[in-house]
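*Asks:* Pasting a structure below so you can have a look.
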Amino acid sequence: MNRIQQKLQENKKLLSIYFTAGYPSLNDTTTIIQDLEKSGVDMIEIGLPFSDPLADGPTIQASSTQALKNGMTTEILFNQLKDIRKSVQLPLIIMGYFNPILQYGVEGFCKKCKELGIDGLIIPDLPVDVYNEQYKSIFENYGLINVFLITPQTSTERIKFIDSISNGFIYMVSSSSVTGSQSGFGDNQKHYFKRISDMDLTNPQIVGFGINNNATFNEATQYAKGAIIGSAFIKYITDNSIKDLSRFVKSIR
Amino acid sequence: MSYNVNEKGYYGEFGGAYIPEMLYPNVEELRQNYLKIMAEPSFKKEFDQLLKDYVGRPSPLYFAKRLSEKYKTNIYLKREDLNHTGAHKINNTIGQILMAKRLGKNRIIAETGAGQHGVATATVCALMGLECIVYMGEIDIARQAPNVARMKMLGATVVPALSGSKTLKDATNEAIRDWINNPVDTHYIIGSAIGPHPYPDMVTRFQSIISEEIKWQLKEHIGKENPDYVVACIGGGSNAAGTYYHFLDNVNVNIIAVEAAGLGIDSGESAATSVLGKEGIIHGCKTLLMQTKDGQITEPYSISAGLDYPGVGPMHAHLSITGRAEFMSITDNDAMKAGLELCQLEGIIPAIETAHALAIFEHKKFKKEDVVVVSLSGRGDKDLNTYIDYFKL
Ligand SMILES: Cc1ncc(COP(=O)(O)O)c(C=O)c1O
């Protein structure tokens with residue numbers, strides 16, 4: 001069983017943290033991963049920076065721009081992760097846009113991920129049907145879980161289809177927005193969380209976008225298996241440093 | 001071979017809709033409805049009427065006698081510069097605003113580089129009384145002040161794109177992000193034959209009026225509908241797509257696509273995507289684009305803001321790869337010279353984008369009997385400052 005699937009079976013609400021690899025400094029990647037594990041998070045999303053992150057708000061955009069300025073590349077990230085499985089047990093997911101993966105070669109990328117002990121991928125601009133027709137068997141050959149997004153606008157029928165081709169969790173985007181644009185959830189969102197929860201899908205849901213403190217974490221996980229924090233974490237390390245990550249994690253739960 | 005889009009939204013291997021799930025409902029709604037709506041008699045009637053009474057179509061097909069004499073061939077200019085707002089861009093914005101209304105949208109967003117598409121969008125929004133927000137790179141706002149003022153006078157809100165390189169590519173990113181944030185009431189009017197399917201096809205169809213008119217106009221001029229060559233400059237490729245459309249399947253009509261070489265193909269300051277680009281994904285479609293080995297999109301350069309785009313529409317990527325079109329690239333200097341030459345030989349001041357298409361006559365010899373139709377995509381008023389600086393006028 002894949003580490004993500006194992007983690008999803010634990011009887012607790014999961015906290016997943018996203019960070020942009022190469023930010024704040026080029027070589028912070030492994031330190032951040034190790035310290036997040038020590039701080040008690042459940043899952044980590046490693047952002048492969050992209051020049052044109054369409055689905056991201058200003059915070060993650062700025063961290064991506066800086067990471068690229070720092071010299072981050074796919075090859076360098078893979079090198080940094082060379083020995084990561086000697087020290088880290090948590091499920092690790094790479095989140096990145098499709099073009100850098102396409103240029104590396106999808107099969108080569110997946111192969112490398114397996115070698116390094118990466119458990120899954122989130123590629124927001126790889127559409128469900130293209131994945132299903134062209135890449136599903138490659139991902140499966142290398143034991144990688146591909147995570148799909150749903151939003152408040154996604155139709156019931158499409159959610160069921162996405163559920164049918166998922167084999168880990170469904171990334172439930174909290175609202176119709178880019179990353180980081182939210183402060184607190186209103187009735188609309190709670191209604192949406194509940195609607196999805198009531199669908200009794202095969203795959204558990206993890207909520208992302210707009211989770212930034214203890215209150216939003218609790219609201220999201222009232223209905224979902226877990227929550228993902230990205231922009232708020234990037235903002236924390238921007239305003240502070242990467243020295244005391246447990247302070248951030250404790251502020252969430 | 002087909003050069004048109006297939007039912008899955010691809011031109012050969014290019015095209016598709018590589019969009020985040022957040023955009024899926026909007027793009028899908030458009031995909032399911034655009035052909036149906038365009039085929040409605042009431043839509044056609046309103047579109048044609050506006051093109052005639054408001055835009056001023058048909059635009060003339062003008063035999064450029066002195067230019068033809070100089071290059072010893074027969075050059076016809078398709079006068080899109082005479083359209084309302086001064087370029088072909090308005091053909092598309094008229095079509096899309098009517099589409100948006102039928103889809104029940106009341107908020108319009110657009111991206112713009114030089115400001116031509118922004119002005120054309122602000123114009124149709126004023127015409128229809130719809131809210132209009134135009135994203136424009138902070139750097140472009142500074143260098144295209146008159147068009148920024150025009151958009152404001154027309155009632156649009158111009159929002160600076162502050163991310164990345166602060167030019168057209170980033171303005172497009174911001175418009176897409178706006179659409180993600182406003183998924184219900186908003187229509188995104190893309191300004192070229194780019195973006196996720198069905199945009200390249202929809203924009204091409206709205207612009208295809210250009211080649212539809214060329215056919216009957218040429219027949220009036222010389223008794224036959226098909227020229228030997230059609231020529232257009234390519235930024236994203238909308239005036240080119242419209243100019244080629246009705247000739248795509250007739251291989252006796254040669255297609256020439258003109259890209260901006262900037263300071264030269266090998267200078268590192270260029271926008272010649274077909275030469276410097278590689279297959280990849282930009283703004284929701286698979287096409288040729290300029291990028292690093294690592295798949296990061298790079299900044300192009302051209303003296304003309306309208307050609308300063310790191311990708312090319314998927315139809316043109318296909319025309320390039322299959323060899324159906326001949327791609328040429330023209331430097332800043334050659335384009336500026338050709339622009340001035342048209343002023344002096346024909347009394348027409350062309351947009352600098354268009355001047356790239358005109359510059360091919362210095363580089364390619366045509367036969368005396370050849371009939372060459374060039375898309376005169378826009379007028380040069382917006383470029384006066386660039387002309388003034390360049391020629392020290
Ligand atoms: C006059 C003119 N021609 C050409 C272009 C390039 O766009 P496209 O390749 O979509 O025709 C522009 C874009 O701003 C323009 O203003």
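*Asks:* For region A:49-182, count all C-alpha to C-alpha pairs, find those more than 20 Å apart, and express that count as a whole percent of the total.
*Replies:* When every Cα pair of region A:49-182 is considered, 50 percent fall beyond 20 Å.
*Asks:* Which net charge results for the neighbourhood of residue A:158, defined as the other residues with beta-carbon distances under 10 angstrom from its beta-carbon, given Lys and Arg at +1 and Asp and Glu at -1?
*Replies:* -3
*Asks:* Now, a different point. What's the local net charge at residue A:248, with K and R +1, D and E -1, over the other residues with C-beta under 13 Å away?
*Replies:* That works out to +3.
*Asks:* Connecting C-alpha atoms closer than 10 Å in a GNM of chain B, tell me which of B:209, B:282, B:222 has the biggest fluctuation.
*Replies:* Among B:209, B:282, B:222, the largest GNM mean-square fluctuation belongs to B:222.
*Asks:* Calculate the spin-label point distance for residue A:134 paired with residue B:370, positioning each point 7 Å from the Cα along the beta-carbon direction, and give it in nanometres.
*Replies:* 3.6
*Asks:* When N is the residue count of region B:75-139, what does its C-alpha Rg come to as a fraction of 2.2 N^0.38 Å?
*Replies:* So the Cα radius of gyration is 1.19 times the expected 2.2 N^0.38 Å.
*Asks:* Could I ask something else about it? What Cys residues in the protein assembly as shown are without a partner cysteine, judged by a Cβ distance under 4.7 Å?
*Replies:* A:110, A:113, B:233, B:285, B:343
*Asks:* Rounded to whole Å and sorted largest first, list the principal axis extents of the Cα atoms in the protein assembly as shown.
*Replies:* 82, 50, 46
*Asks:* Need one number: the % of Cα-Cα pairs in region B:1-159 sitting beyond the 21 Å mark.
*Replies:* Tail of the P(r) past 21 Å holds 60 percent of the pairs.
*Asks:* Once you sort the root eigenvalues of the Cα gyration tensor of region A:124-253 as a ≥ b ≥ c, which label holds: rounded (a/c under 1.5), prolate (a/b larger than b/c) or oblate (the other case)?
*Replies:* Note, shape of region A:124-253 comes out oblate.
*Asks:* Among residues other than residue B:188 whose Cβ falls under 14 Å from its Cβ, what is the net charge (Lys/Arg +1, Asp/Glu -1)?
*Replies:* For residues surrounding residue B:188, the net value is -3.
*Asks:* Can you show me the helix-derived [θ] at 222 nm for chain A, built from DSSP H runs with n ≥ 4 at -39,500 (n - 2.57) apiece and divided by the number of residues, rounded to the nearest 500.
*Replies:* -12500 deg cm²/dmol
*Asks:* Quick check for you: which residues of region A:81-98 have the amide N under 19 Å from the point 7 Å beyond the Cα of residue B:292 toward its beta carbon?
*Replies:* The answer is A:81, A:95-98, whose backbone nitrogens lie closer than 19 Å to the label point.
*Asks:* Find the sum over both chains of the accessible area lost when A and B are paired, probe 1.4 Å, and report it in Å² to the nearest 100.
*Replies:* 2800
*Asks:* Express the carbon and sulfur contribution to the solvent-accessible surface of chain A as a percent, rounded to the nearest whole number, probe 1.4 angstrom.
*Replies:* Carbon and sulfur atoms account for 45 percent of the accessible area of chain A.
*Asks:* For peptide B:280-291, how many partner chain Cβ atoms fall within 10 Å of a residue's Cβ, on average?
*Replies:* Taking all residues of B:280-291 together, the mean is 3.
*Asks:* Shifting gears a bit: When a/c is below 1.5 the answer is rounded, else prolate if a/b is larger than b/c, else oblate, so apply that to region B:249-293 with a ≥ b ≥ c taken from the square roots of the Cα gyration tensor eigenvalues.
*Replies:* Judged from the Cα gyration tensor, region B:249-293 comes out oblate (a/c at least 1.5, b/c at or above a/b).
*Asks:* Bin all alpha-carbon pair distances of region B:202-265 at 5 Å intervals from 0 and give each bin's fraction as a whole percent.
*Replies:* 4, 19, 25, 24, 14, 7, 5, 2, 0
*Asks:* Pick from B:138, B:279, B:69: which residue has the top mean-square fluctuation in a GNM of chain B where Cα pairs under 10 Å get a spring?
*Replies:* Highest fluctuation of the listed residues: B:69.
*Asks:* Top to bottom by accessible area (1.4 Å), largest first, where do B:185, B:48, B:266 land?
*Replies:* B:266, B:48, B:185
*Asks:* Run the simple label-point estimate for residue B:143 and residue B:44 please: 7 Å along Cα→C-beta, distance reported in nm.
*Replies:* 4.3
*Asks:* Now a separate question. Kindly provide the Kirkwood hydrodynamic radius of region A:166-230 in Å, to one decimal, from all pairs of distinct alpha carbon atoms.
*Replies:* Result for region A:166-230, one decimal place: 11.7 Å.
*Asks:* Give me the accessible area of residue A:202, 1.4 Å probe, in Å² rounded to the nearest 10.
*Replies:* 120
*Asks:* When you look at the Cβ of every residue in A:194-205, what mean number of other chain Cβ atoms sits within 10 Å?
*Replies:* 0
*Asks:* Taking only the alpha-carbon atoms of region A:115-160, what semi-axes of the equivalent ellipsoid follow from 5 times the gyration tensor eigenvalues under a square root, in whole Å, largest first?
*Replies:* The equivalent ellipsoid of region A:115-160 has semi-axes of 22, 12, 8 Å.
*Asks:* Using every Cα-Cα pair within chain A, state what percent have a distance larger than 33 Å.
*Replies:* 11
*Asks:* For q = 0.08, 0.09, 0.10, 0.13 Å⁻¹, what log10 I(q)/I(0) does chain B give under the Debye formula with an equal point scatterer on each alpha carbon and no solvent?
*Replies:* Debye intensities relative to I(0), on a log10 scale: -0.36, -0.46, -0.57, -1.03.
*Asks:* Between rounded, prolate and oblate, where does region B:138-182 land on the alpha carbon gyration tensor, with a ≥ b ≥ c its root eigenvalues, rounded for a/c under 1.5, else prolate if a/b exceeds b/c?
*Replies:* oblate
*Asks:* Could you tell me what a quarter of the Cα convex hull surface of region B:158-272 works out to, in nm² with one decimal place?
*Replies:* For the Cα atoms of region B:158-272, the hull's average projected area reads 10.1 nm².
*Asks:* For the ranges A:21-34, A:59-72, B:236-249, what's the packing order if you count other beta-carbon atoms within 10 Å of each residue, average per peptide, and put the highest first?
*Replies:* B:236-249, A:59-72, A:21-34
*Asks:* From the phi angles alone, apply the Karplus equation (6.51, -1.76, 1.60; θ = phi - 60°) to region B:358-374 and give each ³J(HN,Hα) in whole Hz, x where the residue is Gly or Pro.
*Replies:* 5, 6, 5, 5, 6, 10, 9, 8, 10, 6, 4, 8, 4, 10, 10, 9, 10
*Asks:* Still on this structure, I have one more. Across peptide A:91-103, what mean number of C-beta atoms from other chains lies inside 10 Å of a residue's C-beta?
*Replies:* Averaged over the peptide's residues, the number is 4.
The values are calculated or read from the model by the stated rules, or taken from the named source; none is laboratory data. Only a predicted model underlies this, so the values are computations on that prediction, with no experimental measurement involved. No Cβ is skipped: glycine too gets one built from the backbone with ideal geometry, and neighbour counts run over all protein chains shown. These accessible areas exclude ligands, DNA and RNA; they are computed on the full protein's heavy atoms, side chains included. Shrake-Rupley method; radii C 1.70, N 1.55, O 1.52, S 1.80 Å.
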